[in-house]
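See structure below.
The values are calculated or read from the model by the stated rules, or taken from the named source; none is laboratory data. Quantities reported herein were computed from a predicted structural model and do not represent experimental measurements. Note: ideal-geometry Cβ built from the backbone for every residue, glycine included; neighbour counts use all protein chains shown.
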């Protein structure tokens, strides 16, 4: 059914809500993390069981987007009981239906437990992981079925679009976005309203808006979760943006490694078209607009605006000199606005709640919230959304729950390969664009990787450099050659072959690449090296002067040995050893033959008694 | 190459659709066969060298055939910190090939991938599209053994 007026849309939302409000609803998390842990089977079991019991019509069963607490999946939430279960297996389903759904009895063992206090939480909001978050962009993730537009409409979806098209001029929309202080969530933090104004002012017979869903940062999955969990919020934001700048065509560029996101978007676009939110004369206004999907074929550099444009045009994804900026000359030479997934998803919220409300969240220069994927050596891995200005400490210690004992957190890597590693001593830093940049890192798109005392910072720098030399497009010399040479130097340090002179050369090279590369990839490529040198220089020096890796990571500088006091002589490590390098008899301490050992670490992995030590 | 024709047909023989066309060919054959590239070049009227540069630039394309089972080890940052590299080394030992290669019997292809966005499950291995969360070297050898056993007896004999 095509929606023609705002009143019609509101009436439909009201009707949908009324029909659903009193019906029990089972929401199974369909995020990638939960799927990998078997949530599809959980969902199927709910459906067959309810069918057997003749309750298919009485209970709604939904597959929703990511709930965020990926560590504890599969996650299931029940309404109206407001119970949040974690670690649910298919075999738990019968108990959930007969006890919680039918009788309202809560199953204690499925509730999330705070490892520090032992307290179990019944509702999602009672879990410490969620308590300090401010879920705004993610507010409907976990509530709605992303493949059913009616769910989004029931929650007030597309009303911001209706308001914009029927009550506001394009200039008024731009002014609202400017007043909100929204800045790009893709990395650099350019003011969104300003970008839109420039595109509106640029002459062009046609204009484009693009959603950058390439999310190339390793260790990041914010955009993936938004696209998979609430695709209509992104689509609605893009239509509003297109109206504001005068674009007639939109493109969502999404990486092929996210097949579920592509599929969810295809469904969502078709439903938006059927409802009249895309196509000709939207909301009976003169404005017409449509969106197509372009699948990215895998290139980190495509995160750079001009390189993304080249990829959209079917060419090799190489950046070009700016200016002219894409808002002046973008796709096929027409003015183009490129914003990332999270930026677009913020747009309907600003129109709905007003720019002043939005600007009241965050700091003086960084407004609103930011989503982070909190991963690495931290207890609660998952997806979090916090108001800007929260300190790193609150995010990592309070929401993330710190490092799993007995390890201690040492640093956090923020901003992906273009970002930097910040030490624990800087954890009181507020998370905003300027503070992070000053410290040598950057906001980036929101990857946040926690590192503990078993993480070697030189190895981390080498890892990122390996990534970057691989992803450097090769167009400009400083980046193409510089990243390779820096990688070689870092490898030499990790292998204990480097001298003090190499360290000097590395620093000099980092400065040259930073200052002379063509695009953002090369200009920020040295950041992981520069920040680790700035904050963790003693680790570099230990590798060079003492031929020692303090974290016990760099293979050339470590040995595996068996602690005879801890070894119980269980023989468990003998068989897996690919070198037959471990000798020993039952109930006798085992010994590793260092001549044969290739340091694969499998003995360390299988030992249940912590007897295999790295020295 | 009827299938290649159909894929080109679906998008239209235009330069701007070339990447999508190659993606679909890759999805169908699990690599880009030489004949398919020649066909696309002729139909879309672009030089073969341009297709070659696209095919070698983007990570998702392969110019060599893939094995029956495709093993992909994630080397995103979280997976790296939690031992992804060790898994790569274990596979190199077990399969006797380097990453990006296929075993001589055509049973396994082994690749690495830069983050599939499932970092809470690190370290992660994908086998034939299925996610294996929190992988260890030990579990990996067990999965490989199972896949080897599952191979039909007739094929092994041959």
Residue A:189 modelled with pLDDT under 95, more than 22 Å from residue A:289 (Cβ to Cβ), more than 14 Å from every other protein chain (Cβ to nearest Cβ) and touching a strand residue (DSSP E or B) at 6+ places or on another chain (Cβ under 6 Å) | yes
Helices (runs of 4 or more DSSP H) wholly inside the stretch A:507-607 that include at least 1 residues being modelled with pLDDT of 95 or more, in contact with a strand residue (DSSP E or B) (Cβ under 6 Å, 6 or more places away or on another chain) and over 14 Å from residue A:490 (Cα atoms) = A:527-535, A:602-606
Checking A:57, A:40, A:15 in turn, the sole residue that is in a loop (DSSP other than H, G, I, E, B) and surrounded by fewer than 21 Cβ atoms within 10 Å (Cβ to Cβ) turns out to be A:57
Go through the stretch B:57-94 and give me each residue that's at the interface with another protein chain (Cβ under 7 Å from one of its Cβ atoms) and either closer than 23 Å to residue B:138 by Cα or outside any loop (DSSP other than H, G, I, E, B) (or both).
-> B:57, B:76, B:77, B:78, B:80, B:81, B:86, B:89, B:90, B:93
Scanning the stretch B:1-19 for residues that are in a loop (DSSP other than H, G, I, E, B) and within 13 Å of chain A (Cβ to nearest Cβ), the one surrounded by the most Cβ atoms within 10 Å (Cβ to Cβ) turns out to be B:13
Listing of helices (runs of 4 or more DSSP H) fully contained in the stretch A:65-179 that carry 1 or more residues being within 30 Å of residue B:134 (Cβ to Cβ) and touching a residue at least 40 places away in the same chain (Cβ under 8 Å) | A:128-131
Residues (within 12 Å of another protein chain (Cβ to nearest Cβ) and out of contact with any strand residue (DSSP E or B) (no Cβ under 7 Å at 6 or more places or on another chain)) located in the stretch A:217-238 | A:218, A:224, A:226, A:228
Would you pick out the residues in the stretch B:20-56 that are more than 10 Å from every other protein chain (Cβ to nearest Cβ), surrounded by fewer than 19 Cβ atoms within 10 Å (Cβ to Cβ) and part of a loop (DSSP other than H, G, I, E, B)?
-> B:30, B:31, B:33, B:45, B:47
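Would you check if there is a residue in the stretch A:454-474 being in contact with a strand residue (DSSP E or B) (Cβ under 7 Å, 6 or more places away or on another chain), assigned to a loop (DSSP other than H, G, I, E, B) and within 12 Å of another protein chain (Cβ to nearest Cβ)? Lay out the reasoning, then the answer.
Step one: filter the stretch A:454-474 for residues in contact with a strand residue (DSSP E or B) (Cβ under 7 Å, 6 or more places away or on another chain), giving A:455, A:457, A:460.
Now restrict to residues that are assigned to a loop (DSSP other than H, G, I, E, B): A:455.
Adding the requirement that they be within 12 Å of another protein chain (Cβ to nearest Cβ) leaves A:455.
Yes; the residues of the stretch A:454-474 include at least one that is in contact with a strand residue (DSSP E or B) (Cβ under 7 Å, 6 or more places away or on another chain), assigned to a loop (DSSP other than H, G, I, E, B) and within 12 Å of another protein chain (Cβ to nearest Cβ).
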Can you work out which of the residues in the stretch A:249-286 that are crowded, with 18+ Cβ neighbours inside 10 Å and more than 27 Å from residue A:63 (Cα to Cα) is nearest to the other protein chains (Cβ to nearest Cβ)?
-> A:249
Working carefully through the options B:143, B:97, find the one that is without any contact (Cβ under 8 Å) to a residue 24 or more places away in the chain, assigned to a loop (DSSP other than H, G, I, E, B) and more than 7 Å from every other protein chain (Cβ to nearest Cβ).
-> B:97
